[in-house]
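Worksheet for the structure shown next.
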């Protein structure tokens, strides 16, 4: 095949390009419809992020994070503490978190504001799972908490909700997960660790635990949950404060 | 009828089109993976064995460089700038490019008989002594056999097969074993490696083996004539027969 006419090459090229563009457009429409596009899919790293998120949602949506025997609980976990807690947090800490509230609003029929004892009175579970930091380190701990789906059902979340946005008491620290993770049995509003209360260093009094994603999705000092059908109007619309700081929204890789 | 492609002389093609395209796509993907992988290591230049490991546990070894995190005790006062955000985005995007490129290469390679014809050593050559013989020729800096201008020697064949069928699958496997989502769905792949931190350490060493291959590969090309070797990987044939060693 040494001789190809210019006309054939041109028409062939146009046909291939048109097929490629319309194929991508169709794939994009289907992916949007089935919730396979992450909120940070714009920009030059969008294709890789979309492939990762779509592959995970198509293959691993219902899988459970590995749980370990209690003998594997790390003797020396690393807290990765917040260097300087806000004054507001310190006030709550001084009062033993008696006035701490978790507000649940957005696309729910029954918005609620829960105290720590309200949450502890709900059904709870425990799991021995690993915290995995994007930097590379990890530890295994037992986490005791109320599954997020219990809290969402108490607030009567609407079926139109597609994401749960959650906020820390610390400024500019918020994140979100899709319903696959929000309703996942291992996603906890965590209040206990290794048979005691959750220490402040590890996120006490309340911490989100999303064990199928990297540690930074497990936001500490939880005060606010918002059910939403879109992430466009939260922050810069990228789904969490992580992409605003250059990190991926979906951290299940 | 106008003509766009017409070789001036009849020459034996050196590399098939699919080999050339996938070769250069792999160069792009691997370069991005290497640089961003290095950046990610800087945020925690300590390695462990087993399931868990952090700054409070004994490392298997540490790389004596400053870290981009002030929580890592490196002995240096200096904390490097954090490059992990874009490094991670690019690392995973480049990994997808590598996987797609590898899939195309494997399918085309098996379909065309490329592996059988060009990479598997000939039956009489599959001995350790033929490999040692070729190493000895390199060390003596003996001129290459005339047949080597048009086909790979036994040492190249074995090395390329090891890179394609051992190192790349291993680096993809150990990389996937660092994904919490993948590990939830397929725990076997991380458990058989001895745990998450073992997988991370192995990912580092397999990447090191690939880097070693890259360095030797480039040195060998430079020694045997950079453009003589690189031109066929771009246009498929050599410029003229006289340039072949």
Taking the Cα-to-Cβ direction at residue B:215 and at residue B:115 and moving 7 Å from each Cα, how far apart do the two end points lie in nm?
2.9 nm
Treating the angle as unsigned and between 0 and 90°, give the value, to the nearest 10°, between the Cα long axis of helix B:84-112 and the longest Cα principal axis of chain B.
40 degrees
Taking each residue of A:75-81 in turn, how many C-beta atoms of other protein chains fall within 10 Å of its C-beta, and what is the average?
4
Quantify how strongly other chains surround peptide B:171-182 by giving the mean number of their Cβ atoms within 10 Å of each of its Cβ atoms.
5
Just to be sure I understand: with springs between alpha-carbon atoms less than 10 Å apart, which residue in A:205, A:77, A:85 has the highest mean-square fluctuation in the Gaussian network model of chain A?
A:85
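In chain A, what % of DSSP beta bridges are antiparallel (nearest 5)?
Values: 34 of 38 bridges.
Percent antiparallel among DSSP bridges in chain A is about 90.
What average count of beta carbons from other chains do you get within 10 Å of the Cβ of residues in A:138-145? Walk me through the numbers before you get to the answer.
Numbers: counts 12, 6, 4, 1, 0, 0, 0, 0.
What the average comes to for A:138-145 is 3.
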Given the options B:60, B:33, B:155, which has the most mean-square fluctuation in a GNM of chain B, springs set between C-alpha atoms less than 10 angstrom apart?
B:60
So if R0 is 45 Å, what FRET efficiency would residue B:233 and residue A:236 give, r being the distance between their Cβ atoms, rounded to the nearest 0.05?
0.55
Starting from the 7 Å offset along Cα-to-Cβ, what nm value, one decimal, do you get for the label separation of residue B:35 and residue B:99?
2.3 nm
Rounded to the nearest 10, the angle in degrees between the Cα long axis of helix B:17-42 and the longest principal axis of the Cα atoms of chain B comes to 20 degrees
Rounded to the nearest 500 deg cm²/dmol, what is the calculated helix-only ellipticity per residue at 222 nm for chain B, with -39500 (n - 2.57) per DSSP H run of length n ≥ 4?
-18000 deg cm²/dmol
Net lengthening on full extension, residue A:75/residue A:101 (0.36 nm per residue, minus Cα-Cα)
6.2 nm
Which of B:230, B:57, B:26 moves most in a GNM of chain B, Cα contacts under 10 Å?
B:57
Given labels modelled 7 Å from the Cα in the Cβ direction, how far is it in nm from residue A:44 to residue A:62?
4.0 nm
Taking Cα atoms, the helix A:46-59 axis meets the longest principal axis of chain A at an angle in degrees (rounded to 10) of 70 degrees
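None of the figures in this text is laboratory data; all of them are computed from the coordinates on show. This structure is a prediction, so every number in the text was calculated from the model and none was measured. So basically every Cβ, Gly included, is an ideal-geometry build from the backbone, and we count neighbours across all protein chains shown.
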